[in-house]
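To keep things clear, I will list the structure first and then write my remarks on it.
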Amino acid sequence: MKNHKQRRDLLFKKDRPYIRPLQIVDESGYTKDVRIIWVAHKNKPIPFLADVKTQEEFVKMMIEATHRLPFYVVEDRNSEFKDKGIVALIATKEDGWRIEPHVHFFPWATRRNILRTCIGFFQMVRYSRNIGVCVVRSLKENAGLFDKCVNYFPPNVFHRVGRIPMGDARGDEFLYSIRGRKWAA
């Protein structure tokens, strides 16, 4: 039976997913990030942009959204890309102490991409001196993923906090948390 470190080492054997801030524009115009996210949105709409139908409206709404919340993209190995490509978009609600991530995986993200993204993001949170705690809210259909993520961390680092019966209009809500390093600063 493997311990949490051995599981992480096996998951990240060759490399890790790269999590970076979303870039919408650069000196040449719209970035490759926007083009990839637009393609993903056309195939599987991003929930907060579900009504958006044109690329111009999409870019406008993304720019407005990035002024309200920090967004990150996750690049990982995937058969759809030559090397690494964007497999997820993460928006985080932040208040200076607590963050609450909301992730949207793209249609081409594999189960391995999803697990690697979650573990990589939680590792980033765990060692960040800018984050006090990260709270994850999940519906029952995703709770299994986060229950699995718990096994990739030492005891009491990333854990299930509890369940809120009918905590969401769609059903029960499951809460998880991981501590950042802001408390140690």
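Before moving on, here are some points about what is shown:
- Helix 32-43 axis, angle to the chain major axis (alpha carbon atoms, nearest 10°): 80 degrees
- Helix-only mean residue ellipticity at 222 nm for the chain, each DSSP H run of n ≥ 4 adding -39500 (n - 2.57), per residue, nearest 500: -10500 deg cm²/dmol
- Rounded to 10°, Cα long-axis angle of helix 111-126 versus longest principal axis of the chain: 70 degrees
- If you take the Cα centroid of segment 2-77 and the Cα centroid of segment 153-185, the two points sit 23 Å apart.
- Annotation for segment 87-173: chymotrypsin sites (Phe, Trp or Tyr not before Pro) lying in DSSP loop with at most 16 further Cβ atoms inside 10 Å of their Cβ are TRP97, TYR127.
- Where labels lie 7 Å past Cα in the beta-carbon direction, separation of ARG160 and LYS148 in nm: 1.5 nm
- Neighbour-limited loop hits for trypsin sites (Lys or Arg not before Pro), segment 1-75 (at most 15 other Cβ within 10 Å; DSSP other than H, G, I, E, B): LYS2, LYS13, LYS14, LYS53
- Local electrostatic count at THR110 - Lys and Arg +1, Asp and Glu -1, tallied over other residues with Cβ under 11 Å: +2
- Trypsin sites (Lys or Arg not before Pro) within segment 121-171, DSSP loop, no more than 11 other Cβ atoms inside 10 Å: ARG129, ARG170
- Among ALA169, ALA109, ALA40, residue whose mean-square fluctuation peaks in a GNM of the chain (springs only between Cα atoms under 10 Å): ALA169
- LYS42-ASP172 FRET efficiency (beta carbon distance; Förster radius 35 Å; 0.05 resolution): 0.65
- Accessible area expressed per residue, segment 55-170, with surrounding protein chains retained (probe 1.4 Å, Å²): 55 Å²
- Here the translational diffusion coefficient of the chain follows from Stokes-Einstein with Rh set to the Kirkwood radius across Cα pairs; for 20 °C and 1.002 mPa s it amounts to 122 µm²/s.
The values are calculated or read from the model by the stated rules, or taken from the named source; none is laboratory data. All of these numbers come straight from a predicted model, not from anything done at the bench. Here the Cβ is made from the backbone with ideal geometry for all residues, glycine too, and neighbour counts use every protein chain on show. The accessibility values were calculated without ligands, DNA or RNA, using every heavy atom of the protein model including side chains. Shrake-Rupley method; radii C 1.70, N 1.55, O 1.52, S 1.80 Å.
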